[in-house]
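Just below is one structure, and these are the notes that go with it.
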Amino acid sequence: MKEAAQMVRSLEQFIGGRFQAPASGQYLVNLAPATGKPLSQVPRGGGEDVNAAVSAAQEAFDGPWRQWSVEQRAALLDRIADSLQQRADDLAALESADTGKPLALAAKIDIPRAVANFRFFATAVRQFGSDCFPMEGALNYTHRSALGPVALISPWNLPLYLLSWKVAPALAMGNTVVAKPSEMTPMTADALASVFEAADAPPGIFNLIHGLGGEAGQALVEHPDIKAVSFTGGTATGSRVAATAAPQFKKLSLELGGKNPTLVFADCDFEATVNGAVRAAFTNQGQICLCGSRLLVEASLYPRFVEAFVAKVKQLKLGDPEHPETQLGALISAEHREKVESYLALARQEGGEILCGGQRPTLPEPWDQGFFLQPTVIAGLSPSCRTATEEIFGPVVSLHPFETEEEALAIANGVPYGLSASLWTGDVTRAHRLSQALECGLVWVNTWLLRDLRVPFGGVKASGVGREGGRYSLEFFSESKNVCIQWNPNPASPKASS
Ligand code: TXE
């Protein structure tokens, strides 16, 4: 392993516009999930690297970047988008190798979305306005200014997709950034740093620190010059990030885990619902915070639905991520697969019946060493048991019949999480009624993961705090200041001057 690791590419930190080795001189081995073989060496960053990156970000913030007009910043984001677009095939291959996800998925979703994020925020900031509150004889307007250096911490499931979702609005508003991607998926973040280098972006506006979460990530959140933290990751880590950042009054946006319900009513469009529920459960091997991992089905439809759903899941093609027909790749790591498998053991103890999957597949070399797991469907669990309420974050879905809409709602809301829900019904009144009552930040009706980048994105309860997307991101990455100008000291209405 060590010899092989020495042969793979070593990544570097990107600080002040220059690639450089970590101060520690130490590297972590990054494995390719589909083969279990080393893919790269990742700098093991710590406090020293973080200090250098935050200093570079502060220096850049205090430099000419501050004078850049909105149009100049938007044009830079457009150039980054163009450059990512030109490298799209290479980026998709890197993302697939780094995460184990199907190449077709990376090429269709991850990379186009990263390009779209830069393009979208370039346009959004050009269109961004501020509030104006006229009074009798006076005018209030809201001025929004950049915060300074901000920390962007992103996870391994959608690496470039989620990193670009943070970088683009942060820069659009004139901040400078220090990004900390997951140590398990550093490759496309490294590629993004080369794109910034090639685009002649002002040095220090985009800095990249690789390393472990508890070391580099923690040091970054703790740094006193970091003004805001945008974090996407697990709920336990999010809670730690909040506990670190809150005493320093940093702005915080936390996008955390989910245990999202898919609610299926007997009056749904059957085919569309089965297909939608399979997609919601297993896209990206179930490793998306929005995945529908609890499938609640009206009792009268339950037997027919389960039969069709399981038949469809059994047809999913799993294996070589590069094969164009592959629908499921590997899980992110051996440890993560073990965590998911521990829930399968728990499900059996909790009285669950595994209707399909539940095993590691038999695959030819080199995939036999990868971290694959069959898509798994479990029935017979109580909706309140641990398997049905804790985030598993893998290709596992539990099925739960319900009798009434009230029961469906109680099950849907009966978990600590509240990120999203998808609701399948032909009854538009019910769709509205339930959409209001579901405790979550996003509801999809007769669809799943249909995204408009302008809408507020985020969750309630243990799924996080704050909203990103469109103007919500632009507001998060800026501070508002009210300016009140009195133009008539003797207004007609006596109330107005009080
Ligand atoms: O995430 P972490 P992990 C869930 C999923 C998964 C669990 C753990 O259930 O099984 O989280 O995954 C950095 N200060 N999600 O361990 O630890 C870390 O380096 C600052 C849901 O991979 O949350 C990485 O860059 N940063 C999720 C990022 O945080 C720290 C996607 C996320 O890692 C840190 C991924 C610290 N103290 C996992 N500790 C989603 N919402 O989509 C870690 N990090």
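The values are calculated or read from the model by the stated rules, or taken from the named source; none is laboratory data. As the structure is a computational prediction, the values presented were derived from the model and not from experiment. Positions of Cβ are backbone-derived with ideal geometry, glycine not excepted, and every protein chain shown enters the neighbour counts.
For the reader, a short list of remarks on this structure follows.
- Qualifying residue in the stretch 331-347 (condition: surrounded by 24 or more Cβ atoms within 10 Å (Cβ to Cβ), aliphatic (A, V, I, L, M) and not in a helix (DSSP H, G or I)): yes
- Residues in the stretch 82-122 that are of a type in the set (D, E) and surrounded by fewer than 23 Cβ atoms within 10 Å (Cβ to Cβ): D82, D89, D90.
- Helices (runs of 4 or more DSSP H) enclosed by the stretch 233-320 - at least 3 residues per element that are more than 12 Å from the ligand (Cβ to nearest atom): 270-282, 302-314
- Scan of the stretch 376-394 for residues that are in a loop (DSSP other than H, G, I, E, B) and in contact with a strand residue (DSSP E or B) (Cβ under 6 Å, 6 or more places away or on another chain), ordered by number: G380, L381, P383
- Residue in the stretch 218-225 that is assigned by TED's automatic domain parsing to the domain that holds F14, closer than 15 Å to V167 by Cβ and within 13 Å of the ligand (Cβ to nearest atom) present: yes
- Matching residues in the stretch 425-439 - criterion: being part of a helix (DSSP H, G or I), in contact (Cβ under 8 Å) with a residue 40 or more places away in the chain and of a type outside the set (D, E, K, R): L434
- In summary, strands (runs of 3 or more DSSP E) completely within the stretch 1-101 and bearing 2 or more residues that are without any contact (Cβ under 8 Å) to a residue 40 or more places away in the chain occur at 27-31, 38-43.
- Checklist (1) crowded, with 17+ Cβ neighbours inside 10 Å; (2) in contact with a Lys or Arg (Cβ under 9 Å, 6 or more places away or on another chain) applied to H323, failing item: (1)
- Some residue of the stretch 198-209 being near the ligand (Cβ under 8 Å from one of its atoms) and touching a helix residue (DSSP H, G or I) at 6+ places or on another chain (Cβ under 6 Å): no
- Whichever residue in the stretch 445-474 is in contact with a Phe, Trp or Tyr (Cβ under 9 Å, 6 or more places away or on another chain) and in a strand (DSSP E or B) and, among such residues, is surrounded by the fewest Cβ atoms within 10 Å (Cβ to Cβ): V460
- Any hit, the stretch 91-111, residues being within 20 Å of S194 (Cβ to Cβ) and among the basic types (K, R): no
- Residue count for the stretch 147-172, restricted to those that are more than 8 Å from the ligand (Cβ to nearest atom) and either surrounded by fewer than 24 Cβ atoms within 10 Å (Cβ to Cβ) or outside the structural domain of I205 (by TED's automatic domain parsing) (or both): 3.
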